[in-house]
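The values are calculated or read from the model by the stated rules, or taken from the named source; none is laboratory data. None of the values given here were measured: they were computed from a predicted structure. Methodologically, a virtual Cβ is constructed for each residue, glycine included, from the backbone with ideal geometry; neighbour enumeration extends over all protein chains shown.
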Amino acid sequence: MSSVSASPDHGPCRTGTRLDSDTYAVVRRRAVFDCCKWDVQYEDVATLAPFPLLLAREAWRQLTDTAAALARETRAVEAELAQRPELHARLGLPRGIRSALRRCGTNGPSAGLARVIRFDFHLTTEGWRISEANTDVPGGFNEASGLCALMAEQYSDVETAGDPAGAYADALIAGTRPGARIALVHATAYSDDHQVMRYLAQHLERRGAVPILVSPAHIGWNSGYAFLTAAWDKGPLDALVRFFPAEWLPNLGWRSGWQTFFSGARTPASNPATTLLSQTKRLPLVWDELRTELPTWRRLLPETCDHRAVPWGCRGDWVLKPALGRVGEGVGLTGVTTDKEWQRIRRDLFWHRGAWVAQRRFIATPLMTAEGLRYACIGVFTVDERVVGAYGRLATVPLIDARAQDIAILVERHA
């Protein structure tokens, strides 16, 4: 067991001592078999950091309070935007989805339960800032619950930040009935997605539910109620867990009834597809036209504007982001993005002018680790506006994308 006694001068966070190779191998193996963490290698890089990120207790309290406030504001702004179709085009949403959202005015938004969000925090020269919120289909449960627990066993004077997977499963069970049939809807061909659903299914099974792992193509609708149409199972469903990005739903074709994920569904879903209204990074462009007040969002998110308002020659001060990009894909960051990637971004900016945003660049504070300087991102989970845990990513550059490592977030027990 490694020692990580608190130090009063290390700031809000630091990394712990590195595990020896034998212990790391055991943790890695258990992550695969106990936590369904199958992607432990990306290209030639191990995806699991061999040391944890340690948060000072006061820093974790600050992140907890902030994330809870962000969750409250996010749900309020989604409720308003669902009734404000005149703003949807400015959010960079595809035309078909805007059409589906317009039905909210007559049919009402689809039923939801166990509202889950992950807010991504960065330590900067100006304190904590958020780069975005994963409000639609946040991932990271395997790492936040499983990996963090495995790493906590190896260190003293620390504890995990919570158990997001367990808390999420509890909320799903509380919103249904004993023995509920819960469909875990995801892109079944992607092992990265399947591992998350498999891990959550284990938690639901332990609580007496009947989880069913399916593709969205296996979901049918009848008068707003969802039912299963798979060859191996048919029948009504009590709830849906959607781990399939809302902007992908139109790819199912109109016969699938995908629009019901947005409006008119009586079978509750976590999350309902209307969460795409806050997932888009163009959300700040309509803030000034909303009745909903967003003081926490305004304080923590860098200045954001339409990319066309930023001269191309000033791009070093800004980050270019696709409105519905995920996992750092397509982000333009001077000094990090390659020339080849910039060329692709230029083309996409030309053809999809209203689907991009410019965000003022913040200066991230790197951490010294056993492997050199690294940039950290701390994803804080909320379920129904209650903070339930966190997990981290670690990168060699100030851009957190698919190349970043997963790192366990542990909280020091003593202030």
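Taking (1) touching a residue at least 12 places away in the same chain (Cβ under 8 Å); (2) outside the structural domain of T124 (by TED's automatic domain parsing) in turn, P311 satisfies each apart from (1). Within the set L237, L172, L228, L249, the sole residue that is under 24 Å from L324 (Cβ atoms), in contact (Cβ under 8 Å) with a residue 24 or more places away in the chain, in the same structural domain as A269 (by TED's automatic domain parsing) and not β-branched (V, I, T) turns out to be L249.
Do any strands (runs of 3 or more DSSP E) lying entirely in the stretch 315-381 carry at least 1 residues that are outside the structural domain of S145 (by TED's automatic domain parsing), within 22 Å of D192 (Cβ to Cβ) and out of contact with any helix residue (DSSP H, G or I) (no Cβ under 9 Å at 6 or more places or on another chain), and which ones are they? Counting at least 1 such residues, we get no strands (runs of 3 or more DSSP E) at all. E293 satisfies every condition listed in (1) loosely packed, with under 13 Cβ neighbours inside 10 Å; (2) in contact with a Leu (Cβ under 9 Å, 6 or more places away or on another chain) except (2).
When the stretch 23-40 is limited to residues that are free of Cβ contacts under 8 Å to residues at least 60 places away in the same chain and in contact with a strand residue (DSSP E or B) (Cβ under 9 Å, 6 or more places away or on another chain), the one that is nearest to R198 (Cα to Cα) turns out to be V40. Criterion first (within 27 Å of R84 (Cα to Cα) and of a type in the set (S, T, N, Q)) does S215 satisfy it? No; evaluated as a whole, the condition is false for this residue. Among the residues of the stretch 216-273, those identified as among the hydrophobic types (A, V, I, L, M, F, W, C) and assigned to a strand (DSSP E or B) are I219, W221, A226, F227, L228, A230, A239, L240, V241, F243, A269. Determine, yes or no, whether L285 is under 20 Å from the mean Cα position of the chain (by Cα), in contact (Cβ under 8 Å) with a residue 60 or more places away in the chain and part of a helix (DSSP H, G or I). Against the criterion (under 20 Å from the mean Cα position of the chain (by Cα), in contact (Cβ under 8 Å) with a residue 60 or more places away in the chain and part of a helix (DSSP H, G or I)), L285 does not qualify.
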